[in-house]
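Everything below concerns the one structure shown next.
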Amino acid sequence: MTLPPSQQLIALAAGGTGGHMFPAEALAQELKRRGSRVLLVTDVRGARYADKFPADERFQISAATPSIGGPVAKGMAAVSLAQGLFTALGEFRKRRPTAAVGFGGYPSLPAMKAASLMGLPYGVHEQNGVLGRANRMLVKGAAFAAHGFPVLEKAPKNINRIEVGNPVRDAVAAVSHTPFPSIDKNGKIKILIFGGSQGASIFSDAPVKAIAGLPRDMRERLNIVHQAREAETADVRSAYASAGVSCEVAPFFADLPQRMAAAHLVVSRAGASTVTELSAIGRPSILVPLAIAMDDHQTGNARSLSDAGAAIVLPEKTFTEIAVSEVLTPLLAAPHRLEEMAAAAKDRVKAGAAAALADLVDEIIDARVAA
């Protein structure tokens, strides 16, 4: 029998990027709805995404990536991870979590290793279509290896693999049933453009030039919402204005899920959270996988939508003004195609992941109590 939720403290470890933090936040929201308490374990970088994380308790650990850089950098990373392990062990002994889930990123490595050393049941969740390196180090000792996309590359054999989808935050779930915005003959077509934190400058170049070079009648129908780096917002805004294109340009949109739901087309990276949110809301996209992503995992993520006809993938090296124009022009000339792509995107990534993950947490707690 499962422990009463109020007696459960579930440790969730994630860090580095929003791509790891947001699914952890979604599971935390579901666990809180069920009455459990949540302990967040992250690093300095992950803490930047944790302002609204519904944790009852939290602590930070040191972590670094041991797979890049020279011998000195790798040695320093190993020391940082060791310090993180000792911190996690001390905090876990003090706080007594019931179970743990790691969401990838190197902060999850010392936390899940600490759970293993203390005999705590733990599972891992992989958001991407390729098993990340931190999760590869943890997965053989995990009670489950939950994953977001149907295909999980680089996963060892003989592990408890379960496709659950990627958990989405409440803000995404709240707009997931928003109908695709209708497009009448002379109506505006809204395009949302955002490039993430890495390599975002290319999103301030190729798509802006491509849009400015469209025929006048197409430009006049466009309403662009563009998230650009702060140093580039003025230039991007000026370029759209010179082309007579209606636009809203800002370095950050706190309401990005709502912006996505209002869009007819999204131009973005292919991070796991972005691809999952496009699927949950059901919006067509032009996806540009991050070229330096570890193991090219963003291309794998994008494939889940492109294979369904819901997205067009442009590799970063071919993401040019000409390539974007060649993709945009036929879509804008036949906007019914956008509606077809939106329908193909809807729920392409398995829905209900937060609840499915919470069920798995209950199961490993049950197994521990029964033992």
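The values are calculated or read from the model by the stated rules, or taken from the named source; none is laboratory data. All of these numbers come straight from a predicted model, not from anything done at the bench. Cβ atoms come from the backbone with ideal geometry, glycine included; neighbour counts cover every protein chain shown.
Residues are listed down the side, and each one gets a yes or a no for (1) crowded, with 17+ Cβ neighbours inside 10 Å; (2) of a type in the set (A, V, I, L, M, F, W, C):
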position: ARG93; (1), (2): no, no
position: PHE103; (1), (2): yes, yes
position: PRO110; (1), (2): yes, no
position: GLU126; (1), (2): yes, no
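Conditions (1) within 24 Å of ILE183 (Cα to Cα); (2) free of Cβ contacts under 8 Å to residues at least 40 places away in the same chain, marked per residue:
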| position | (1), (2) |
| --- | --- |
| GLU232 | no, yes |
| LEU256 | yes, no |
| SER268 | yes, no |
| LEU287 | yes, yes |
| ALA293 | no, yes |
Q) Since ALA344 meets every condition but one in (1) without any contact (Cβ under 8 Å) to a residue 24 or more places away in the chain; (2) closer than 25 Å to VAL151 by Cβ, which condition does it not meet? A) (1)
**Q.** region 356-366, residues that are under 26 Å from ILE281 (Cα atoms), in contact (Cβ under 8 Å) with a residue 60 or more places away in the chain and out of contact with any helix residue (DSSP H, G or I) (no Cβ under 6 Å at 6 or more places or on another chain)
**A.** ALA356, LEU360
Q. What strands (runs of 3 or more DSSP E) completely inside region 181-261 contain at least 2 residues that are out of contact with any strand residue (DSSP E or B) (no Cβ under 6 Å at 6 or more places or on another chain)?
A. none
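So is ARG219 under 19 Å from VAL324 (Cα atoms) and either out of contact with any Pro (no Cβ under 9 Å at 6 or more places or on another chain) or of a type in the set (Asp, Glu) (or both) or not?
It is true that ARG219 is under 19 Å from VAL324 (Cα atoms) and either out of contact with any Pro (no Cβ under 9 Å at 6 or more places or on another chain) or of a type in the set (Asp, Glu) (or both).
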Q) Looking at (1) closer than 18 Å to MET341 by Cα; (2) crowded, with 23+ Cβ neighbours inside 10 Å, which is the one condition that is false for ALA262? A) (2)
Q.
Only one of LYS113, LYS157, LYS140, LYS185 is of a type in the set (Lys, Arg) and touching a helix residue (DSSP H, G or I) at 6+ places or on another chain (Cβ under 8 Å). Can you tell me which?
A. LYS113
Q: Return a yes/no flag: does region 31-41 have any residue that is touching a Lys or Arg at 6+ places or on another chain (Cβ under 9 Å) and at pLDDT below 95.
A: no
Q) Do we have PHE203 as under 19 Å from PHE22 (Cβ atoms) and aromatic (Phe, Trp, Tyr) here? A) no
(Q) Looking only at region 268-298, filter to residues that are part of a loop (DSSP other than H, G, I, E, B) and of a type in the set (Val, Ile, Thr); which one of those is nearest to PHE203 (Cα to Cα)? (A) VAL288
Q. Out of all the residues in region 124-155, which are over 15 Å from HIS20 (Cβ atoms), small (Gly, Ala, Ser) and part of a strand (DSSP E or B)?
A. ALA145
